[in-house]
Amino acid sequence: DTGVSQDPRHKITKRGQNVTFRCDPISEHNRLYWYRQTLGQGPEFLTYFQNEAQLEKSRLLSDRFSAERPKGSFSTLEIQRTEQGDSAMYLCASSSGTSGRSSSYNEQFFGPGTRLTVL
Amino acid sequence: DAKTTQPNSMESNEEEPVHLPCNHSTISGTDYIHWYRQLPSQGPEYVIHGLTSNVNNRMASLAIAEDRKSSTLILHRATLRDAAVYYCILRGYNTDKLIFGTGTRLQVFP
């Protein structure tokens with residue numbers, strides 16, 4: 001399978017704990033995105049990387065959230081001191097593109113998501 | 001970010017055509033119109049996109065109004081597998097992020 005993969009698929013944690021999610025993009029894709037989706041809503045953009053550089057962060061990404069893509073391949077999204085409001089599906093997507101230019105015509109390929117439940 | 005408006009839900013019978021409308025009256029001249037769909041328990045998947053001219057691909061057709069203030073995604077023959085939430089998204093020329101609305105939930109009946 002050469003699609004976007006995410007791990008774990010499900011995570012249940014207690015309020016106040018830290019959690020980390022991993023995303024492996026399609027291998028030749030240099031752009032990687034994180035979105036969050038709550039029940040009944042469309043996905044909300046959180047952040048994106050071009051190679052290892054984090055180019056944009058949403059205001060939704062509070063200081064408890066941090067994302068990394070250290071070698072320009074896989075990415076991790078960490079949430080510190082989780083709150084019940086963090087319960088959501090966390091989606092990762094990847095796309096190809098020319099460095100230094102936005103790729104408004106390039107499709108994004110989404111992974112299956114990590115469902116987080118904070119008790 | 002420019003906003004899109006879609007009906008909350010639509011229904012269709014299998015093998016009939018489906019026309020999913022989207023209004024985007026505040027679209028700018030450089031915004032692309034993208035459609036993604038999300039099948040149950042899956043991440044979104046790309047369907048089609050366009051700028052000014054109508055577009056066809058193996059999944060669907062996209063009809064864009066002359067003033068670009070609205071568009072319609074056309075599924076020529078709906079199948080049960082097309083039951084999903086369909087999102088109409090305006091994507092600026094210089095941005096990579098997708099701004100999703102709440103989309104249209106399409107139900108397909110056998």
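The values are calculated or read from the model by the stated rules, or taken from the named source; none is laboratory data. Note that the structure is predicted; figures quoted are calculated from it, not measured. Ideal geometry is used to build each Cβ from the backbone, glycine not excepted, and the neighbour counts take in all protein chains shown. The area values use the complete protein model at the heavy-atom level, side chains included, leaving out ligands, DNA and RNA. Shrake-Rupley method; radii C 1.70, N 1.55, O 1.52, S 1.80 Å.
For region A:81-108, what are the residues that are facing chain B (nearest Cβ under 9 Å) and either modelled with pLDDT of 95 or more or farther than 17 Å from A:ARG69 by Cα (or both)? A:MET89, A:LEU91, A:CYS92, A:ALA93, A:ARG101, A:SER102, A:SER103, A:SER104, A:TYR105, A:ASN106, A:GLU107, A:GLN108 - these are the residues of region A:81-108 that are facing chain B (nearest Cβ under 9 Å) and either modelled with pLDDT of 95 or more or farther than 17 Å from A:ARG69 by Cα (or both). On inspection, A:SER75 does not qualify as open to solvent by less than 40 Å² (accessible area, probe 1.4 Å), polar (S, T, N, Q) and at the interface with chain B (Cβ under 10 Å from one of its Cβ atoms).
None of B:ASN54, B:ASN23, B:ASN8 is open to solvent by 80 Å² or more (accessible area, probe 1.4 Å) and modelled with pLDDT under 95 except B:ASN54. Residue pairs whose Cβ atoms lie under 7 Å apart, separated by 6 or more positions or on different chains, with the first residue in region B:17-45 and away from every other protein chain (no Cβ under 12 Å) and the second buried (at least 22 other Cβ atoms within 10 Å of the Cβ) and of a type in the set (Phe, Trp, Tyr), are B:LEU20/B:TYR86.
Restricting attention to region A:17-29, which residues are open to solvent by 30 Å² or more (accessible area, probe 1.4 Å) and β-branched (Val, Ile, Thr)?
A:THR20
Residues of region B:74-85 include at least one that is open to solvent by less than 30 Å² (accessible area, probe 1.4 Å), within 14 Å of chain A (Cβ to nearest Cβ) and either over 23 Å from A:ARG36 (Cβ atoms) or in contact with a Ser or Thr (Cβ under 9 Å, 6 or more places away or on another chain) (or both). Could you please let me know if A:LEU32 is closer than 20 Å to B:PRO44 by Cβ, surrounded by 18 or more Cβ atoms within 10 Å (Cβ to Cβ), touching a helix residue (DSSP H, G or I) at 6+ places or on another chain (Cβ under 9 Å) and in contact (Cβ under 8 Å) with a residue 12 or more places away in the chain? Taking the combined requirement at face value, the residue does not satisfy it.
For the criterion of being exposed (fewer than 15 other Cβ atoms within 10 Å of the Cβ), under 23 Å from A:PHE49 (Cα atoms) and at pLDDT below 95, B:ASN94 passes.
B:ARG68 meets the conditions (1) part of a strand (DSSP E or B); (2) touching a residue at least 40 places away in the same chain (Cβ under 8 Å); (3) away from chain A (no Cβ under 14 Å) in every case but one. The failed one is (1). Looking across region B:86-110, the residues that are more than 10 Å from chain A (Cβ to nearest Cβ) and either part of a loop (DSSP other than H, G, I, E, B) or of a type in the set (Ser, Thr, Tyr) (or both) come down to B:TYR86, B:THR104, B:PRO110. Taken over region B:46-65, the criterion of being without any contact (Cβ under 8 Å) to a residue 24 or more places away in the chain and outside any strand (DSSP E or B) is satisfied by B:LEU51, B:THR52, B:SER53, B:ASN54, B:ASN57, B:ARG58, B:MET59, B:ALA65. Mind checking which residues of region A:58-68 are of a type outside the set (Ser, Thr, Tyr) and under 19 Å from A:ASN18 (Cβ atoms)? Within region A:58-68, A:LEU60, A:LEU61, A:ASP63, A:ARG64, A:PHE65, A:ALA67, A:GLU68 meet the criteria.
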